[in-house]
Amino acid sequence: MKKALIIGAAGFVGGYLTRHLRDGCGMEVHVTKLPAEELRERNGNVYNLDILNKEDIVSLLYEIRPDYIFHLAAQSSVGVAWRNPSLTIDINIKGSVNVMDAARELYYKPRILLIGSGEEYGQIRADEIPLKEENRIRPGNLYAATKACQNMIGRIYAQAYDMEVMMVRAFNHIGPAQSSIFVVSDFCRQAAEIERGLRKPVMYVGNLSARRDFTDVRDVVQAYSLLMEFGEPGETYNVGRGSSVSIKEALELILSMCGREVKVETDRNKLRPVDIPVIEADISKIRELTGWSPQIPLEQTIRETLDYWREQLAEQI
Ligand code: A2R
């Protein structure tokens, strides 16, 4: 039985990945979280770990001896990265280097998957869509820059130390339990609050014309486990749907599922200073390697995310 370690399992993706590896792939799953965090997906083997402390990672790896290390821990908010760049650099770059250095001290070679972001491509040109992995990267914010750096260092470690490190660039992933700082979850939460009469029937939105590549988080974690198994060391793989929808189309789907008449208004605070018009991944590299492609339709993800917020509000009352 393969032993998997998920570092940063208390976040949005971690719960889904835990369940998929344990129940879907039959692995022995070990997970880490920060001391103050709570896991959404209960799991027997839980450890507190701050990736800024390399010696703690070394001890943990010796204790568990994982075959697979899924590195999800990150400061993953673009907004927080602007406000606190040095913390973001510490966690996303030094933290990842600590994970790889700790793994390098082992007497065997675990496989490591580093999770980066479609944000790394940054200021893309219209003729570069859909984005291939070898496209030039022009990170446009600090979060993206740290993930681009993590990607470069991961490749260097794979080459220089012959380590089995693979890199992902994940595009927008969505689903139940995502924080409402992200657009689809935000709209679903607002719709659920309107249905309950907790706010007036007005949906506050940002730029509706931007097109984004949305994938259900349950499809995303399946891609991660396949890349862990079949990915080539030193290589980067896009994980996305491979097609985009406008934020307006996503909004219309949510409104069509909402049980109330809703007015739509622009909230200036939701407009980004620089908004890239279209982001769309080319997913042929992962598809050719593993046969993976997203299975869950956008309508289903949105319906279940809306239901998640309805349930959350029902529990609060
Ligand atoms: O920032 P918090 O308190 O939410 O904790 C996050 C945790 N984390 C850390 N874990 C260990 N040592 C640290 N120094 C440290 N700093 C933060 O990593 C959070 O629980 C977890 C990352 O989860 P999320 O922010 O929910 O990211 P998500 O959506 O699960 O995405 C997974 C990966 C991340 O690398 C993203 O940047 C990428 O996929 O898109």
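Of note:
- Point-to-point label distance, Met152-Lys3, nm (Cα→Cβ direction, 7 Å offset): 3.5 nm
- Rough spin-label spacing in nm, given labels placed 7 Å along Cα→Cβ, for Leu255 and Phe182: 2.4 nm
- Tensor-based shape of segment 147-220 (alpha-carbon gyration tensor, a/c under 1.5 rounded, otherwise prolate or oblate): prolate
- Charged side chains reduced to their Cβ positions (Lys and Arg at +1, Asp and Glu at -1) give segment 60-211 a dipole of some 400 debye around its Cα centre.
- Full-stretch length increase - Ser59, Val264 - with 0.36 nm per residue and alpha-carbon distance subtracted: 68.5 nm
- In degrees, nearest ten, helix 183-195 long axis to first principal axis of the chain (Cα): 40 degrees
- Taken per residue, the accessible surface of the chain reaches 46 Å², heavy atoms only and a 1.4 Å probe.
- With DNA, RNA and ligands ignored, accessible area of His173 (1.4 Å probe; Å², nearest 10): 40 Å²
- Sequence-distant contacts, meaning Cα pairs under 8 Å at least 6 residues apart, place the relative contact order of segment 100-139 at 37 percent.
- Principal axis dimensions, largest first and in whole angstrom, of the chain by Cα: 62, 47, 39
- Here segment 131-170 is treated with +1 on each Lys and Arg Cβ and -1 on each Asp and Glu Cβ, and its dipole about the Cα centre works out to around 280 debye.
- With the gyration tensor restricted to C-alpha atoms of segment 222-276, the semi-axes of the equivalent ellipsoid amount to 36, 17, 9 Å, longest first.
- Cut-off under 5 Å, modelled amide H: who pairs with Val202 long-range: Lys263
- Most to least packed among 22-29, 86-93 [average Cβ atoms within 10 Å]: 86-93, 22-29
- Set of aspartates and glutamates with alpha-carbon distance to Lys200 below 17 Å, sequence-local pairs under 8 removed: Asp186, Glu261, Glu265, Asp267
- Among the listed pairs Lys94/Lys132; Lys33/Lys54; Lys33/Lys94; Lys3/Lys109; Lys248/Lys270, those whose Cα-Cα separation exceeds 20 Å are Lys94/Lys132.
- Each part reduced to its alpha carbon centroid, segment 130-160 and segment 243-311 end up 25 Å apart.
- Of all accessible heavy-atom area on segment 1-141, the percent that carbon and sulfur account for (1.4 Å): 49 percent
- Under 17 Å of direct C-alpha separation, and excluding same-chain neighbours fewer than eight residues apart, Lys147 reaches these aspartates and glutamates: Asp90, Glu119, Glu120, Glu133, Glu134, Glu235.
- Using alpha-carbon coordinates, inclination of helix 95-104 to the longest axis of the chain, degrees: 30 degrees
The values are calculated or read from the model by the stated rules, or taken from the named source; none is laboratory data. This one's a predicted model, so the numbers in the text were calculated from it and none came from an experiment. Note that each Cβ is placed from the backbone with ideal geometry, even for glycine, and that neighbours are counted across all protein chains shown. Note: areas computed on protein heavy atoms with side chains; ligands, DNA, RNA excluded. Shrake-Rupley method; radii C 1.70, N 1.55, O 1.52, S 1.80 Å.
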